[in-house]
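Novice: I have a structure I would like to understand better, so I am pasting it below and will then ask my questions one at a time.
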Amino acid sequence: MQQIQNTLQDDLLQEMNTDLLLGDVYIHAETDHDYINDIDEKFSFIGSKIDWSEVLHHFHKRVEHLQYSASVNEFFNRFVLAAGLGEKDKLIVVGDSALDAVLVFSVNTLKKYLVDVVSLPQHTYIVSQDVCWCACFTMEGDMDFGLSLK
């Protein structure tokens with residue numbers, strides 16, 4: 001399974017190659033900061049998922065497969081607005097299985113790759129650098145956003 005996951009990550013990074021070279025996307029060294037730990041500290045969990053009943057300003061959408069791209073992009077635009085983000089603000093993207101790398105994007109750059117990033121078979125978390133809010137896209141088709149109470 002690890003080989004498949006690495007292949008998925010490698011394929012995604014290859015797709016982003018130009019933006020990686022330009023510095024519009026970069027791979028955050030895991031030794032610099034542990035964002036998964038920050039998410040665990042800032043948000044309450046039930047099992048492997050954030051307990052969305054324990055966050056502020058939560059909103060949820062279940063994506064329909066036939067309208068996946070449109071639903072994902074609509075949800076992204078909604079949470080960018082709710083978080084008060086501008087096009088150049090930085091977003092941290094962390095996965096819980098298929099994506100070993102922590103990726104950093106501007107809002108504008110992530111828009112180009114969003115559907116591919118959140119389509120990986122995992123829970124994909126998008127957070128601010130201070131992890132005061134979190135958006136999560138699950139492989140089951142749930143999309144959630146909320147502000148940390150902690």
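Just so it is clear, none of the values below were taken in a lab; they were calculated from the coordinates. Just so you know, these numbers come straight off a predicted model, no measurement behind them. Neighbour counts run over all protein chains shown; Cβ positions are idealised from the backbone, glycine included.
Novice: Taking +1 at the Cβ of each Lys and Arg and -1 at the Cβ of each Asp and Glu, which of Gln67, Ser48, Gly146 sits farthest along the dipole of region 2-147 towards its positive end, judged by Cα position relative to the Cα centre?
Specialist: Gln67
Novice: Further question on the same structure: Ratio of alpha-carbon Rg to the 2.2 N^0.38 Å globular estimate for the chain, to two decimals, please.
Specialist: Dividing the Cα radius of gyration by 2.2 N^0.38 Å gives 0.98.
Novice: Among residues other than Pro121 whose Cβ falls under 11 Å from its Cβ, what is the net charge (Lys/Arg +1, Asp/Glu -1)?
Specialist: Details: positive: none; negative: Asp96, Glu140.
Result for the local shell: -2.
Novice: Student exercise: in region 2-147, how many lysine pairs 8 or more apart or on different chains have Cα atoms under 25 Å apart?
Specialist: Lysine pairs meeting the criterion: 13.
Novice: Report the FRET efficiency, 1/(1 + (r/R0)^6), for Lys88 and Ile36, where r is their Cβ-Cβ distance and R0 is 30 Å, rounded to 0.05.
Specialist: The calculated FRET efficiency here is 0.75.
Novice: With runs of 4+ DSSP H residues as the only contributors, calculate the mean residue ellipticity of the chain at 222 nm using -39,500 (n - 2.57) per run, divided by the residue total and rounded to the nearest 500.
Specialist: Using -39500 (n - 2.57) per qualifying helix, the result is -11000 deg cm²/dmol.
Novice: In the Gaussian network model of the chain, springs joining C-alpha atoms below 10 Å, which of Leu22, Leu13, Leu81 carries the largest mean-square fluctuation?
Specialist: Maximum among the listed residues: Leu22.
Novice: How many nm is it between the label spots at Arg62 and Glu15, if each spot is 7 Å from the Cα in line with the beta carbon?
Specialist: Between Arg62 and Glu15, the simple spin-label model gives 2.6 nm.
Novice: Simple spin-label model, 7 Å along Cα-to-Cβ: Ile46 to Ser97 in nm?
Specialist: For Ile46 paired with Ser97, the spin-label model returns 2.0 nm.
Novice: To the nearest 20 debye, what charge dipole does region 2-147 have about its Cα centre, counting +1 at the Cβ of each Lys and Arg and -1 at the Cβ of each Asp and Glu? Show your work: numbers first, answer last.
Specialist: On the way: 9 positive and 24 negative charges, 104 e Å.
Rounded to the nearest 20 debye, it is 500 debye.
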